[in-house]
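First up is the structure itself, then whatever we jot down about it.
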Amino acid sequence: MSLVDKRLFSDIQGLETTQKCALINAFWPHLSISESDYFEDEYAALFAYWGDTLRSLRPFGHEFATEEWDGILAILTQLSFGRDTRREALVSELRKDYQNTSDKAIACSVELAVRLWIGINVRSKGLFVGPEKSKVSYIRWQNDQSLKETVAAPFMNNRRKARSASIFLFDDSFTAVGLKDICRLEILWTDNLADHLRLHGSRGERQLSVYKHKICLINHRKEPEPMLIPKDLLDETICTLDLLFPEGDEPTETFLNDEKVQMWIENSIDIPQAIELDDFEFWRSRLSQLLSLFYGPPETVRQTLLDRRNTAQFATIWVAIFGVFFLTILFGVLSTVYSAKQYSVAVDSYKLAVAQACQQTSQPLPGYCT
């Protein structure tokens, strides 16, 4: 079913399955997905992201070159074929289809198409439309850069930074749930691939951004080469998600169900499992931070009390706590008992002293002797 006359900034949650398949095929033509191949659970988060993004931009619709789905998909096609074209040349080429539209409006539509397509927020200098979001980074798209160069640049920087990282082996407890339980990390789902595995916050209040749309990575990975997103980067990112959300792990399944996020995809791709930090290049630096946090000493008292990685240390701490608690109660009870006895002895001594005083005086003491 065609998307002709469908408004770009309207609610897409109400699209029929055939229209959703048409939209997916427009973004990834190589999939040729049909209704029988479409799984709602796998694409629910993606359509929710698209819907939320477009809904937030609805008040600014007049600042874009097109407000129709067919228009943005035509720009997407141009982007796909012109991925090696410099930004200014790309805008100039699109101007032929939008002769009465400003370059700014065309650029806004181009950057929106990129955001929806590859899940990376790109921004030209001095150009931004819509509400600003905290903890969301943007990649600068220079006039003399192609989209392919712009997308690859920040990840290549991560690759260079990663060379000095230490090497650790991954064990079965290094999962998103393990990081939550041991390091008390809060998982923040992000729609921006550039923010994947980014740590936020201070000691004891850390948050970890995790890319939410594994289905997008798989769809891009199935694209015939040359790919817009480097193949090795896609493989590594999928590996990090497989590492953090191991299939068949019950605590992970419970967590994903609670979060309503799908990480276990039908008809996925076969990628060798990563077993050590040295298997990564693009994400090695950020994984190294996580491993240092995971294997390092607890950052807060609460983490210390709940850290069960070292059983002997965990047992020693809690035995000491309960020992001190028990001794405090014991000495408190004994102190109370002996205080009561001291009071009783003091009363008896007082009575004895009064009795002796009354016997030794000829005149009864007023108020004491009767």
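What follows is calculated from the coordinates using simple rules that are stated; it is not laboratory data. Source: prediction; values computed, not measured. Backbone-built Cβ (ideal geometry, glycine too); neighbour counts: all protein chains shown.
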When each of K214/K260; K180/K231; K6/K125; K20/K260; K20/K222; K135/K231 is checked by Cα-Cα distance, pairs over 22 Å: K180/K231; K6/K125; K135/K231
Options (i) 128, 46, 43; (ii) 62, 47, 44; (iii) 121, 44, 36 - which one matches Cα extents along the principal axes in Å as calculated here: (i)
Taking N as its residue count, the alpha carbon Rg of the stretch 58-106 over 2.2 N^0.38 Å: 1.12
Distance (nanometres) between label positions extended 7 Å along Cα→Cβ at S173 and D103: 5.8 nm
Segment K96-H30, length gained on full extension (0.36 nm per residue, minus Cα span): 21.0 nm
Theoretical FRET efficiency, 1/(1+(r/R0)^6), r = Cβ-Cβ of D144 and D181, R0 51 Å, to 0.05: 0.60
Relative exposure of H62, H200, judged by other C-beta atoms within 10 Å (fewest first): H62, H200
Most to least packed among 28-39, 177-188 [average Cβ atoms within 10 Å]: 177-188, 28-39
Within a Gaussian network of the chain (alpha carbon springs, distance under 10 Å), most fluctuating of S109, S202, S173: S202
Computed Rg/Rh of the stretch 5-110, alpha carbon atoms with Kirkwood Rh: 0.99
Gain upon complete extension [V345, R86; 0.36 nm per residue less C-alpha separation]: 83.5 nm
Principal axis dimensions, the stretch 10-57 - Cα atoms, whole angstrom, descending: 30, 19, 16
Segment E266-L352, length gained on full extension (0.36 nm per residue, minus Cα span): 21.8 nm
Helix-only mean residue ellipticity at 222 nm for the chain, each DSSP H run of n ≥ 4 adding -39500 (n - 2.57), per residue, nearest 500: -16500 deg cm²/dmol
The stretch 163-299, relative contact order [Cα under 8 Å, separation at least 6], %: 33 percent
Relative packing of peptides 253-261, 64-72 - highest average C-beta neighbours within 10 Å first: 64-72, 253-261
Where Rh is the Kirkwood radius over Cα pairs, Rg/Rh for the stretch 148-241: 0.98
Over the stretch 163-299 - Rg/Rh using Cα atoms and the Kirkwood inverse-distance radius: 0.94
